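Each value in this text was obtained by applying a stated rule to the coordinates, not by laboratory testing. This structure is a prediction, so every number in the text was calculated from the model and none was measured. Here Cβ is always computed from backbone atoms with ideal geometry, including for glycine, and neighbour counts include all displayed protein chains.
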Amino acid sequence: MGLEEREDESGTWLRIYAPLARGEAVAAALRARAGPGVRVAGPEPVAREDWSETWKAGLTPIEVSPRLRIRPSFAPAAAGGAAELVIDPGQAFGTGSHASTALALAWIDLLAPGLAPGARILDVGCGTGVLALAALALSRATRAVALDLDPLAAEACRANARRNALAARLDVLQGPLEALRAEPFALVAANLLRTELLPVLLPLARSVAPDGRAVLSGLLEGERDEVLRALARVGLRAHGERIAVDPGGERWIALLTGR
């Protein structure tokens, strides 16, 4: 009926929701298929909750910098001159809370205000569109393209663009990066796992303008050398790096790259 993923000091764990009468059968099926090191606990009854309110627990505004703030829709707007995005969690990835998203946002917060008027931005694997929307909010004279394979992500991205009054400056496309036919972009952002990034690295490199920059997040620290070698093969090199540690102890990196 549903699945929830969480991370804490003990690692990553999943909570799977099923009808109480089927709980033992679900647990037995999971144990039969679990790989080494995976522990399956027994079923536990879940108390009735008002899920229309429960989902809000633990969701607070994210202060990316004095220039940028991301908040859920139920949190009050902040006073002051910071750019503010309203994004609620949903089926598409990216509200700013995950370490990889936070790293990408930090690079965008640094780079986007310096983009020239008319510069264009590309968000590859856009999810909620948070990276493209942040870049647009921080650079008033730019336009962006957000691209994702998942129709739910494309739908969420369009909805968030409308909610934040940025739809007129954002084109949302559903499909592979290889199908994009456009002039190179001044800023490209991709928050993708290594297994998702490497297959599209060549078309991604081609989408970066000669004097442009690409922010590549979603990578673990131990994957750095492999990714750097792959970048060299497509004509990109690292110009900077940021590191963040998630609650489970994983060390994530975001590379700033260019020609």
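Would you mind computing the Rg to Rh ratio of the chain from its alpha-carbon coordinates, Kirkwood style for Rh?
Rg/Rh: 1.00.
Taking K and R as +1 and D and E as -1, what net charge do the other residues with C-beta under 13 Å from the C-beta of ARG67 add up to?
That works out to -1.
For the stretch 2-48, taking Cα atoms only, what is the radius of gyration to one decimal and the Dmax to the nearest whole Å?
My reading of the Cα-based Rg and Dmax gives 11.3, 34 Å.
Please get the size of the charge dipole for the chain, origin at its Cα centre, with Cβ charges of +1 on Lys and Arg and -1 on Asp and Glu, quoted in debye to the nearest 20.
700 debye
Taking the Cα centre of the stretch 126-259 as the origin, how large is its charge dipole in debye, to the nearest 20, when only Lys and Arg (+1) and Asp and Glu (-1) carry charge on their Cβ atoms?
Dipole size: approximately 520 debye.
Treat the stretch 66-205 as a sphere of radius equal to its Kirkwood radius over Cα pairs and apply Stokes-Einstein at 37 °C in a medium of 0.692 mPa s; give the translational diffusion coefficient in µm²/s, rounded to a whole number.
Rounded, D is 219 µm²/s.
Would you tally the net charge around GLY94, using a Cβ to Cβ cut-off of less than 12 Å, leaving GLY94 out, and scoring K and R as +1, D and E as -1?
Counting the neighbours of GLY94, the net charge comes to -4.
Which whole number in µm²/s is D for the stretch 145-200 by Stokes-Einstein, with the Kirkwood Rh taken over Cα pairs at 25 °C and 0.890 mPa s?
The Stokes-Einstein estimate is 197 µm²/s.
Just to be sure I understand the model, the point goes 7 Å from the Cα along the line to the Cβ. What's the resulting ALA41 to ALA179 distance in nm?
About 4.3 nm, to one decimal.
Hey, if you put +1 on the Cβ of every Lys and Arg and -1 on every Asp and Glu Cβ in the stretch 2-48, which of PRO36, LEU3, ALA21 ends up farthest toward the positive end of that dipole?
Final value for the positive-end residue is ALA21.
Report, to one decimal in Å, the Kirkwood hydrodynamic radius for the stretch 206-259 based on all distinct Cα pairs.
11.6 Å is the Kirkwood radius here.
Taking amide hydrogens as modeled 1.01 Å from N in the peptide plane, which residues meet the under 5 Å criterion relative to GLU241, leaving out close sequence neighbours?
Those qualifying (amide H under 5 Å, at least 5 residues apart or on another chain) are LEU256.
Sticking with the crude label model, points 7 Å out along Cα→Cβ, report the distance from TRP13 to PHE74 in nm, one decimal please.
2.4 nm
Put +1 on the Cβ of every Lys and Arg and -1 on every Asp and Glu Cβ in the stretch 4-124; which of ALA99, LEU68, ALA82 then has its Cα farthest towards the positive end of the dipole?
ALA99
Test of understanding: in a Gaussian network model of the chain with alpha carbons linked when under 10 Å, which of VAL234, VAL215, VAL38 would top the mean-square fluctuation ranking?
Of the options given, VAL38 has the highest mean-square fluctuation.
How much of the DSSP beta bridge set in the chain is antiparallel, as a percent to the nearest 5?
Rounded to the nearest five, the antiparallel share is 50 percent.
What is the spread of the Cα atoms of the stretch 160-259 along each of their three principal axes, largest first, in whole Å?
The Cα atoms of the stretch 160-259 stretch 39, 33, 23 Å along the principal axes, largest first.
What per residue convex hull volume, in Å³, do the alpha-carbon atoms of the stretch 173-226 yield?
That works out to 91 Å³ per residue.
Would you calculate a helix-derived [θ] at 222 nm for the chain, using -39,500 (n - 2.57) for each DSSP H run of n ≥ 4 and dividing by the full residue count, to the nearest 500?
-7500 deg cm²/dmol, from helical runs alone.
Counting pairs of Cα atoms in the stretch 1-135, how many percent are more than 25 Å apart?
The calculated P(r) of the stretch 1-135 puts 46 percent of pairs beyond 25 Å.
At a Förster radius of 22 Å, what calculated FRET efficiency corresponds to the Cβ-Cβ distance of LEU110 and GLU4, to the nearest 0.05?
Calculated value: 0.10.
Of the listed peptides 131-140, 117-126, what is their order by residue-averaged count of other C-beta atoms within 10 Å, with the highest listed first?
Highest-to-lowest ranking by the protection proxy: 131-140, 117-126.
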